[in-house]
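Asker: Have a look at this one.
What follows draws every value from the coordinates through simple rules; no lab data is involved. All values derive from a computational prediction rather than experimental measurement. We place every Cβ from the backbone using ideal geometry, glycine too, and count neighbours over all the protein chains shown.
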Amino acid sequence: MDDFCHLHCHTQYSLLDGAAGIDTMIDRARQKQIPAVAITDHGNLYGVPEFYTTARDKGVQPIIGCEFYLTPSGIHDKKDKTRYHQVLLAKNEVGYHNLIKLSSKSYTDGFYYKPRIDHGLLREHHEGLIATTCCLQGEVPQAILNKGEERARELFEMYLDIFGDDYYIEFQDHNIDDQHTCNEVLVRWAREYDVAVVGTNDVHYVDQEDAEAQDVMLCLQTGKQYNDPNRMRFENDQFYMKGAHEMVDALSDLPDPIQQNALTNTAEVAAKCDFELPMGDLLMPHYPIPDAFDDDMDAYLRHVAFERAKQRYPEPLSQRVVDRLNHELGIIKEMGYAGYFLIVQDFTDAARDLGVRVGPGRGSAAGSCVSYCLGITNVDPLKYDLLFERFLNPERVSMPDIDIDFDDRGRSKVIDYVVDKYGRENVCQIITFGTMGAKTVIRDVARVLDIPLSEADRIAKMVPDGVGVDLDDAYEDVPEFRQLKQSDNPKIRKMMQYADVLEGSARHTGVHAAGVIIAPGEVSDYVPVSVSKSKGEKVITTQYDGDWVEEFGLLKMDFLGLKTLTVINDTLDLIQKKHGVEIDIDEIPLDDEDTYELFQRGETVSIFQFESTGMREWLRKLKPTELNDLIAMNSLYRPGPMENIPSYIARKHGNEEVEYPHPMLEEILEPTYGIPVYQEQVMQMAQEMGGFSLGKADILRRGMGKKKKKVVDKMKNEFVQGARAQDVSDATIEEVWELMAKFAGYGFNRSHAAAYSIVAYQTAYLKAHYPAEFMAAAMTNDIGNNDKLSVVLEEARTLGIEILPPSINRSDVQFTVDQGAILFGMGAVKGAGTGAVEAIIETREEHGPFNTIWDLTKHLDLRTAGKRTLEALVKAGALDELEGHRAQLLEAVDIAVKYGQKVQADRAAGQNSLFGDGGIGGDEMEPSLPDTEPWAKGKKLKAEHEVIGVYVSGHPLDEYKAEAEAFASAHFGETEALERAIAHTQSGDGRNRGPVRTFCGIITEVNRRTTKNGKPIAFAKVEDFTGQGELVCFASVLDRIQPYLNVDDVVLVKGNAEVRGTSVSVIVQEVFPMWKVRERLVNEVVLEVDADLLDRSTLNRLRDLCTEHRGNCTLYFDVNAPELRGPERLRSRKFVVEPTSGFMRGVKQLFGNDAVTLKGNQ
């Protein structure tokens, strides 16, 4: 039985059902000497490319198949949930294409709970396919069990009629009674109809001991606990990849000749199914070109490139430009990619015609002069010394990869253009798979096994952070994590065992954020398609992910939506409206002093790629003076290269000697002061010293970066020989080689850094020259993200820009600029809705400005903008210009809506003819505003925050700003600084909590719960000036701090800070109300005063304040005077004070908000 082949196998792509990793499955097949294995995942072909490639690479024959869901009532019946399983295997390329068509149609036409096919589709697409009677869930076995032999026979004969000699009776025996019942009938029919038989095992996991792990996976699929007695589960542990002799035992109840044939016929099926998948050929969509070029794409591309080069470079074109274009066009022709460039050029041109902003470039494509001339990119590669071979390497054949950034509002217009041009069926988005990473699989398995959340969280945090870190890495790097495999707790041991099996399994599908396929015909002629959900909408995607789609020759484009480009667009619109100035952002000077001074001050909040706290600190030290500084900093500010930033800065300012490893490398390294920063420099070093071509140098760079030892070792010898031929010493050769190896691993792509630094410079230019317009545009693009919006608002205030609440008479949907101040957009108000706001603006343009709420509602379309909208706008302060205060207006909304409805109904009925002015009565007919007390400031701010998500007319912390500055050692919005502190304090074993920090903020939400162990726990949301964080209060501290956990309380919190993504959590140790902070922690009050501005009246008022608020805090004055070099500190001998709210308010009124500082014990 050595030729037995497995024909019924589910991989991890049978989502949350198959627990067989493809690598492991193929390895086990080799170990068990199984020559061929079929992939038959439930209802999809997701895993086919990976399975096919892995099997062939490991010497196992792959058989391509699928276990389809089949509906007996037809795919258009969306009421009958009945569905059966049907295994189909591809014999040849025709069969493979029919598999693709069936799978695609099961999603696009037949989806109802699951993707389904029907008998009609089977008849239409049966050619080249092998079918079996399938498992117990097959239509024929189900008929035998539930409808009787007569009906089952009819179905059997129907399948026999469709597939003929390619229809096989499939025997399985997992020791299930129903299988024995079916097998008895199928044995008789095999003899009666002389139909060939095969024996299979319904493989759902690789090894028998993986059965429990697969059971855990079923729990994840169904949302059940492992110990739930009523949940779905497999009958036993027999659904694994058995060896040939195990299959003999499994099918031992079959009569001898049938059993023998069932096992040997699997090899016959494998022989029928031996073919190669159509991979590798480039499938370029047809791009129409003028007849004069006789379908010669290369000739037309050359013509367009040289014609457009005249718009980019002075005429006549220099020899350098001509040589570079000829060099690139030669490589493009050799690789057959002319059509690719023309297609990209076409839709980037179309984007600009549609008013969509196109980014200057992204990735290595910015190194192409042809791309620059065609307008695909906007970075001159000759000016910035960018290499074409980093983008397209003639010595390493791969698809070109031009990723294009569009403003995120306009991106969909470009995709629509491509769909219209090439056909809806020919354009498709790309699937993604959400897999169980190391941390995820631990948390998922722990949840199913009912392991406490806190324990699961603790263990998951032991896994080191980083891209691609898996459980094996964690076992190697963290001894305590490795020891969990032998934990005294059996649940923990099981969790680790199951996590090992399930890690990497596909959990769900998604849609690639940017990837789009453009095919020469219908996409489903080349790869299968499916339906995925994206943002609540159904989207047609490929069933193969992006990398595999390209392996099948299809053209993949990344259409990326870049918010920064939208911010630039919005800023330019505001500038044009307010100042009448039209700015071409691509033509601004790149040596603007004001822009570089902004970078030098580190005022880069909202500046693309340069807004993080750490980056701002380095910018202040670097003091950039040219774009190359920004390109370098953009590249260096990453893990690894970051260690070179101090040297780069010191060398720029002449504080450290610039050294080069060899004189021949000086020209390459001189722009970065002798420090290799870019991948391109590594390539140039290999070219200059080792005599490599740039193509070969790129292969070396990739080999070094990906640690491909065999490739690197072979090329090192070539490098050494090339360098020796130029009389370079062996010591220098080794030094340079090590330098290249180090920087190839974490050097950055200069082309990408240059393109993105230009975008950053453009945003900084706008911020430096038009700060209000730029910040307003940034706020518009952060609507809905309160954490970011609060940071941008705080930055605007720091820049001295006034923030005005929304105005019913002046605001737009978006943020705008009004006399130098930023006016909140009504579209930022929760509950208002864009449609409602647009209706208000339209009404205002016809009937405004409004003076009263009655004036508003009698003209407004109240079906579009009703009670809910008006209430939200009142809370936001948008109706403050109307008669009455917010409390009155909110109470009046209901009356105003009814009044407006009555007036409009009367007008519609023609009653306005009763009044001479065409109005509905006079002012005396308008209702009166309710008589109610105005809101206190706290209530006003709370209502604002409720509907805007941030505080506008003030902040609850304003009163405690001095305490916050004195005692808060961290802020919720500064996640990067916290992450650095956390990394510094971590021991590496995952046991340490984050560093202890104090935060000052207002509590906005409190949730009290009980853990599974019956202990109380509380979670609270807290907000400071920079953003929002979460407090986690365990039982050990909860009793003590309980009285201070109240919504709207301003508190000082001390605890261990942790960062998850962009959110900060604090494991609380202490909570102090602010009155307690003043009472217990403050021991000094410092007032900054200007001697020239002091007068007798001010001094008298200060004396009265000090007398009224006597206490225990020492009072100091930092006195500024022209004759002093700086502030001189004087101590008050007469007064010690208590910094109560009244005292703080009083001194701020006298000397300004920033004139008082509190000091004390942390």
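Asker: Over what distance in Å are the Cα centres of region 923-980 and region 698-774 separated?
Answerer: 49 Å
Asker: Could you let me know the centre-to-centre spacing of region 1087-1125 and region 1041-1084, using Cα atoms, in angstrom?
Answerer: Cα centroid to Cα centroid, the span is 31 Å.
Asker: If packing is taken as the average count of other Cβ atoms within 10 Å, what order do 191-201, 897-907 fall into, highest mean first?
Answerer: Top to bottom by mean Cβ count within 10 Å: 191-201, 897-907.
Asker: Report, by chain and number, residues whose modeled amide H sits under 5 Å from the one on Val605, excluding near sequence neighbours (fewer than 5 apart, same chain).
Answerer: Counting only residues 5 or more places away or on other chains, the set is empty.
Asker: Taking every DSSP beta bridge with both residues inside region 1083-1160, roughly what % is antiparallel (nearest 5)?
Answerer: Roughly 60 percent of the DSSP beta bridges within region 1083-1160 come out antiparallel.
Asker: With each run of n ≥ 4 DSSP H residues scored as -39500 (n - 2.57), what mean residue ellipticity at 222 nm is computed for the chain after dividing by its residue count and rounding to the nearest 500 deg cm²/dmol?
Answerer: -13500 deg cm²/dmol
Asker: Which value, in debye to the nearest 20, describes the size of the charge dipole of region 1083-1160 about its Cα centre when Lys and Arg Cβ atoms bear +1, Asp and Glu Cβ atoms bear -1, and nothing else is charged?
Answerer: 300 debye
Asker: A further question follows. Only one of the values (i) 50.3, 145; (ii) 35.7, 118; (iii) 34.0, 124 was calculated from this structure for Rg and Dmax of the Cα atoms in Å; name its label.
Answerer: After the calculation, the listed value that fits is (ii).
Asker: Here's another thing I want to ask about it. Using only Cα atoms and rounding to the nearest 10 degrees, what angle (0 to 90) does helix 834-847 make with the longest principal axis of the chain?
Answerer: The helix 834-847 is inclined about 40 degrees to the chain.
Asker: I need the peptides 273-279, 599-605 ranked by packing, meaning the mean over residues of other C-beta atoms within 10 angstrom, with the highest value on top.
Answerer: In decreasing order of mean packing, 273-279, 599-605 become 599-605, 273-279.
Asker: Right, here's the next one. What does the charge dipole of the chain about its Cα centre add up to, to the nearest 20 debye, if the Cβ of each Lys and Arg holds +1 and the Cβ of each Asp and Glu holds -1?
Answerer: The calculation lands at about 3520 debye.
Asker: Applying the Karplus parametrisation 6.51 cos²θ - 1.76 cosθ + 1.60 with θ = phi - 60° to the phi angles of region 134-145, what ³J(HN,Hα) value in whole Hz is obtained for each residue in order, glycine and proline being reported as x?
Answerer: Here the 3J(HN,Hα) series is 6, 7, 4, 8, x, 5, 5, x, 5, 5, 4, 6 Hz.
Asker: So what is the relative contact order for the chain, in percent, with contacts set as C-alpha pairs under 8 Å and at least six apart?
Answerer: Relative contact order for the chain comes out at 7 percent.
Asker: Another question, if that's okay. Mind pulling the angle between the C-alpha long axis of helix 1141-1151 and the longest principal axis of the chain? Nearest 10 degrees, somewhere in 0 to 90.
Answerer: 70 degrees
Asker: Another question about this same structure. Please list, in order along region 563-574, the HN-Hα scalar couplings obtained from phi with the Karplus expression 6.51 cos²θ - 1.76 cosθ + 1.60 (θ = phi - 60°), rounded to whole Hz, x for Gly and Pro.
Answerer: Running phi through 6.51 cos²θ - 1.76 cosθ + 1.60 with θ = phi - 60° gives 4, 4, 5, 5, 4, 4, 4, 5, 5, 4, 5, 5 Hz.
Asker: Also, quick follow-up: Could you give the angle, 0 to 90 degrees to the nearest 10, between helix 771-780's Cα long axis and the longest principal axis of the Cα atoms of the chain?
Answerer: Roughly 40 degrees, rounded to the nearest 10.
Asker: Tell me, how many Å apart are the Cα centres for region 1010-1040 and for region 664-684?
Answerer: A separation of 51 Å, based on Cα centres.
Asker: Toward the positive end of the charge dipole of the chain, about the Cα centre and with charges on Cβ (Lys, Arg +1; Asp, Glu -1), which of Pro394, Met335, Ala351 goes farthest?
Answerer: Ala351
Asker: Ranked from highest to lowest mean number of other Cβ atoms within 10 Å per residue, what is the order of the peptides 1020-1026, 555-561, 1104-1110?
Answerer: Ranking the peptides 1020-1026, 555-561, 1104-1110 by packing returns 1020-1026, 555-561, 1104-1110.
Asker: Over all distinct alpha-carbon pairs, what is the Kirkwood Rh of region 426-502 in angstrom?
Answerer: Result for region 426-502 stands at 13.3 Å.
Asker: Which ³J(HN,Hα) values in Hz, rounded to whole numbers, follow from the phi angles of region 472-477 under the Karplus curve 6.51 cos²θ - 1.76 cosθ + 1.60, where θ = phi - 60° and Gly and Pro get x?
Answerer: Karplus-based 3J(HN,Hα) across region 472-477 equals 4, 4, 5, 4, 6, 8 Hz.
Asker: Under the rule of at least 5 residues apart or a separate chain, name every residue whose amide H is placed under 5 Å from the amide H of Val37.
Answerer: Gln61, Ile63
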